[in-house]
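Here's the structure, in structure tokens; my notes come after.
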Amino acid sequence: MYPMNTSADLLKELRIDRKAPASAPPPRRGLWIGIAVAVVAIALLAGIWLFGRDPAIEVRTAPVVAIGTGGSSASVLDASGYVVARRMATVSAKITGKVREVMIEEGMRVEEGQVMATLDPIDADAQRTLSASQVAAARSHVADMQAQLKNAEADAARLQSLVGQQLVSRAQYEQSVAQRDALRAQLQNAQRNVQVAADQLAIADLGVDNNIVRAPFSGVVTAKAAQPGEIVSPLSAGGGFTRTGIGTIVDMESLEIEVEVGESFIGRVQPKMPVEVTLNAYPDWKIPGEVIAIIPTADRGKATVKVRVALNVKDPRIVPEMGVRVSFLEKAQPQRQDKPQGVRVPAGALVERGQKTVAFVLQDDNRVALHELSTGIVMGEDRQVLSGLNPGDTVVLDPPAGLKDGDKVKLAEATPN
């Protein structure tokens, strides 16, 4: 019996108990905690890297310029204008005609009276030939009248002696005298006709000369307007296909500046006032000049007054219609050599911080240093700084409100035109 019980017990032990709870999986909480710690660490390092950097502020800069130690002139007004020529002419023929030859080119210098072009002179030559023939005919008629008068005077003298001897009638003598006087009158008329014919010949000579176009003054050719074979006319008689001129010449000695100044600022400008002219083509070239005149009329539409400015320097680089910028200057005042003159700084570089005028100076490490300033007079768009800056320093233009001493900056990229 015992062995059988043992076998039954053994079979019972081998039976699967469906009601027993399933075994729990191995724990994985530690893995997830490790991953979370790593993520937090990475985020912390990234934040430290991002917020720990010193961000550079984008700024614009300008140089500090020395004013000098002698007498100085401050700009009281800046304005824009153009180079113009007081003597400029589009040269044309006095008559309508066909161009035979053009002797000028752009950029060529011509002297007063130099031939610029010629027209076809066929009609003028024919008229002159006719006038010359009329002069010759009038002179021939005078010679004929002189011969007839000479004969009539001889007859009258002979009959005068005969009538005294009563060999001819007095009526015959008086008829010869009347014929002589008539021939004298006819001779005078013939001589006047010679003068009229000579005047007509002179007019015909002018007609021939009008076919030659000459330069009215010395200058430089800036435009060539006609070609051989074209019709030119001062009145454009031929319509749209007729040229009105041969070319344009400019007297380069008469170049000056025309500036339009706003009505609100014209009171700052006076005749003979010194100026400094800067050509847009040569921004580093400062040309001295002075005010010639203020035109006594205003432009209602633009509210400006025109001002004429003379250039004290003549240079071939200065050509008409160039754009310029004119700085109207105060007259130079002599100052003591030991008096500090300071520097010239754009007004946009000066700001107020804590009731003090300051500027930010760019350092070699691209950081800015705050400098307290002592300012002087207004110099147009600039300011005079008596202390706090040195010539050659670079200052920040229009510094942001949040810019502080020691901040790192970077230069703004130039905006393309």
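Looking at region 278-294, is at least one residue among the acidic types (Asp, Glu), surrounded by fewer than 17 Cβ atoms within 10 Å (Cβ to Cβ), at pLDDT below 90 and under 15 Å from residue 83 (Cβ atoms)?
Within region 278-294 (the criterion being among the acidic types (Asp, Glu), surrounded by fewer than 17 Cβ atoms within 10 Å (Cβ to Cβ), at pLDDT below 90 and under 15 Å from residue 83 (Cβ atoms)), the answer is no, since none of the residues qualifies.
What residue, of 234, 216, is over 30 Å from residue 158 (Cβ atoms), modelled with pLDDT under 90 and not in a helix (DSSP H, G or I)?
Criteria check complete, one pass: 234.
Only residues that are over 21 Å from residue 189 (Cα atoms) and polar (S, T, N, Q): list them for region 149-174, please.
160, 161, 165, 166, 169, 172 - these are the residues of region 149-174 that are over 21 Å from residue 189 (Cα atoms) and polar (S, T, N, Q).
Are any residues in region 109-162 hydroxyl-bearing (Ser, Thr, Tyr) and out of contact with any Lys or Arg (no Cβ under 6 Å at 6 or more places or on another chain), and if so, which ones?
The answer is 129, 131, 133, 140, 161.
Sort through 184, 128, 139, 170 and tell me the only one that's of a type outside the set (Asp, Glu) and under 60 Å from the mean Cα position of the chain (by Cα).
Result of the check over 184, 128, 139, 170: 128.
Within region 204-220, does at least one residue satisfy the condition of being surrounded by 13 or more Cβ atoms within 10 Å (Cβ to Cβ), under 60 Å from the mean Cα position of the chain (by Cα) and basic (Lys, Arg)?
Yes, there is a match, as at least one residue in region 204-220 is surrounded by 13 or more Cβ atoms within 10 Å (Cβ to Cβ), under 60 Å from the mean Cα position of the chain (by Cα) and basic (Lys, Arg).
Can you pull out every residue in region 353-394 that is under 34 Å from the mean Cα position of the chain (by Cα), of a type outside the set (Ser, Thr, Tyr) and over 26 Å from residue 76 (Cβ atoms)?
Passing the criteria: only 392.
Would you confirm whether any residue within region 225-241 is among the acidic types (Asp, Glu) and either within 17 Å of residue 87 (Cβ to Cβ) or loosely packed, with under 14 Cβ neighbours inside 10 Å (or both)?
No, the conditions are met nowhere in region 225-241.
For region 237-252, how many residues are at pLDDT 90 or above and not in a loop (DSSP other than H, G, I, E, B)?
Residues flagged as at pLDDT 90 or above and not in a loop (DSSP other than H, G, I, E, B) within region 237-252 amount to 5.
The values are calculated or read from the model by the stated rules, or taken from the named source; none is laboratory data. All figures in this text were calculated on a predicted structure; none of them were measured in a lab. For neighbour counting, all protein chains shown are included, and Cβ atoms are generated from backbone atoms with ideal geometry for every residue, glycine included.
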